[in-house]
Amino acid sequence: MIHLLVSCTSKVAYNSGAVGLWNSLYTLSRVYPENTDYRNRKLSRPLQEWVPLREWGRLYRLEDVKMAWNVPNEKGKAVIQELVKKFLFPVMDMIRTAHVDRETMKKSFTIMSAVLTGGATCFSLPPSPLFQCPNSMLPWFNANIPNSAVFKSDMRHPSGKNVREMMVDLIEKTIARAETSDRDLSQVLVTICSMLHYLIHTNYIDSSELAAAMETQSEIFTYMTNPVHKMYPIYVYESMAYVCHMDRQACDPNSSTVGSGGAESMTVTV
């Protein structure tokens with residue numbers, strides 16, 4: 001379906017395909033708490049064995065809670081590689097070697113943006129020396145230190161080149177063309193601006209996700225600081241795990257390893 005949509009010339013169609021491509025890559029390449037596995041097991045039981053209202057109103061102690069984590073496994077990594085080979089590399093090679101018209105360029109950058117932003121953790125930054133800042137006593141963030149709360153891989157172009165470096169060269173070429181072109185390439189330049197953040201971003205935090213997590217933090221704090229209650233609904237623990245995970249990604253590049261190999265279940269400890 002994605003291939004069918006991105007093959008269309010209609011902007012509505014290929015934009016929809018790009019959204020599907022982004023969602024697929026994002027879901028396959030991110031580590032995040034996911035408790036639907038346990039919830040589905042409960043819902044699949046015959047109604048003779050449980051009462052929905054009692055189950056949904058049940059309170060839990062922290063030590064009794066289990067949380068499922070979505071962690072990219074080998075099958076997921078293989079699917080990511082196929083998606084990148086099928087939708088990213090051919091488009092990059094076409095833009096790099098051929099002079100395409102404006103509509104083709106707009107479509108191509110829409111697809112490349114979807115792959116880059118959705119699968120940002122799949123393309124490694126090139127190694128670089130630490131930047132010495134004379135105006136600060138704080139250490140500069142070292143992009144070469146792995147963040148174990150984030151899945152990372154180093155998918156490269158078939159030529160062996162770093163994808164991010166190739167993308168920068170491609171963007172520079174496109175900007176140079178826009179400066180001398182008689183046609184308006186403003187939409188392409190807007191797409192490029194949104195891509196630049198992911199090209200240079202070092203710890204791969206999605207700002208929208210972090211904002212959503214922080215909005216939930218005040219509600220969690222109200223629950224957890226109530227001295228009367230020692231047991232809470234399951235969604236409070238789920239939200240707490242999500243917020244702590246996002247905070248760990250943002251603040252601690254040397255955080256504890258979550259694990260790998262599929263949806264891992266573990267007791268939540270905060």
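The values are calculated or read from the model by the stated rules, or taken from the named source; none is laboratory data. Remember, predicted model here, so these are calculated numbers, not experimental data. Neighbour counts run over all protein chains shown; Cβ positions are idealised from the backbone, glycine included.
Does the range 39-47 contain at least one residue that is buried (at least 17 other Cβ atoms within 10 Å of the Cβ) and on the phi < 0 side of the Ramachandran plot?
No, the range 39-47 has no match at all.
Looking only at the range 104-151, filter to residues that are assigned to a loop (DSSP other than H, G, I, E, B) and modelled with pLDDT of 75 or more; which one of those is farthest from Glu165 (Cα to Cα)?
Among those residues, the one meeting the criterion is Gly119.
As an exercise: evaluate Ser44 against (1) of a type in the set (Ser, Thr, Tyr); (2) in the same structural domain as Leu170 (by the TED database); (3) free of Cβ contacts under 8 Å to residues at least 24 places away in the same chain and give the number of the one condition it does not meet.
(2)
Taking the stated definitions as given, is Leu21 surrounded by 13 or more Cβ atoms within 10 Å (Cβ to Cβ), in the same structural domain as Phe109 (by the TED database), in contact with a Cys (Cβ under 8 Å, 6 or more places away or on another chain) and closer than 30 Å to Met166 by Cα?
Here the answer is no, as Leu21 does not meet what is asked.
Which pairs turn up if I take residues in the range 47-59 that are closer than 16 Å to Tyr237 by Cα and look for partners that are hydrophobic (A, V, I, L, M, F, W, C) with beta carbon separation below 7 Å, at least 6 apart in sequence or on another chain?
What qualifies is Leu59/Met231.
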